[in-house]
Amino acid sequence: MSTTLRSLSRSVGRSRLRLGAGLALAVVLLTGCAGLQPGVAIVVGDEQISVNEVDDLASSICDLEEANPTQGQDSGTQVVGSQVRNSAMQALALRSIADQLAADYGIEAGQDYQAAADQVRLQYGGVDSDLVDAAMPAYTSGAYFVSILRQIGAQESGADQDSDEALAAGIKVAQQWEDDHEIETNPSFDSFSIGDSSIESERSDLARAAGDTAKKAATADAAYIATLPSTQRCG
């Protein structure tokens, strides 16, 4: 599965929980596994992102969506909580990659990223600003990532920062960074890689998952989500 890189730089206002939506779902508890230390969700180069950080952001997403006065009570807008956690992990990982690349090149995110953040605040203008700020990384990490790649690509290629050529050059730099640095994901989450035009996601082996529950979660529809306890769904 993939999340198109070009779409990451666009508005999140077109759909709820857009970043990472559609990724396969994790259904097992996050414990120490593979080569990761207990409590680590993903290692991204020099940074470890903890399960607590992922859970905090996922909780903030749910809090924001539940406080959104335009959400209504349509159960079709609900998602499995594990899907939100996976989206939160990817958002934090993309932000980490972008931060490390930005440090290497001595750059900061541009106005395109700020515009994305402003649009999120506008979209959730009727919600407490603290809730919006807490969930903001989930809605803007894609725009931040693309903004950094465009600037790097412009430096590398000499092309205009807003051009497809600059983005393509930035993606190549990010792909090389990925080749040169460790990215290790807890098997309870999707692993992902930077493709030529998208973030490619795939599930690790689900042998440790809980059988039928895992299958239902991975193909969850509104009817199934409605049967889950409130602690296992969002929205």
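Tabulated data
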quantity: Fully extended contour minus Cα-Cα distance, from residue 162 to residue 67, at 0.36 nm per residue; calculated: 30.7 nm
quantity: Förster radius 30 Å - calculated FRET efficiency between residue 196 and residue 48 (Cβ-Cβ, nearest 0.05); calculated: 0.60
quantity: Alpha-carbon spread of region 71-199, three principal axes, descending order, Å; calculated: 49, 35, 23
quantity: Amide H within-cut-off set for residue 42, under 5 Å, with H built and near neighbours excluded; calculated: 49, 186
quantity: Extension gain (nm, one decimal) between residue 104 and residue 182, 0.36 nm per residue minus Cα-Cα; calculated: 26.5 nm
quantity: Segments 47-56, 94-103, 137-146 sorted - mean Cβ within 10 Å per residue, highest first; calculated: 137-146, 94-103, 47-56
quantity: Rounded accessible area per residue of region 125-200, 1.4 Å, Å²; calculated: 40 Å²
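The values are calculated or read from the model by the stated rules, or taken from the named source; none is laboratory data. Note that the structure is predicted; figures quoted are calculated from it, not measured. No Cβ is skipped: glycine too gets one built from the backbone with ideal geometry, and neighbour counts run over all protein chains shown. What goes into the accessible areas is simple: the full protein's heavy atoms, side chains included, and nothing from ligands, DNA or RNA. Shrake-Rupley method; radii C 1.70, N 1.55, O 1.52, S 1.80 Å.
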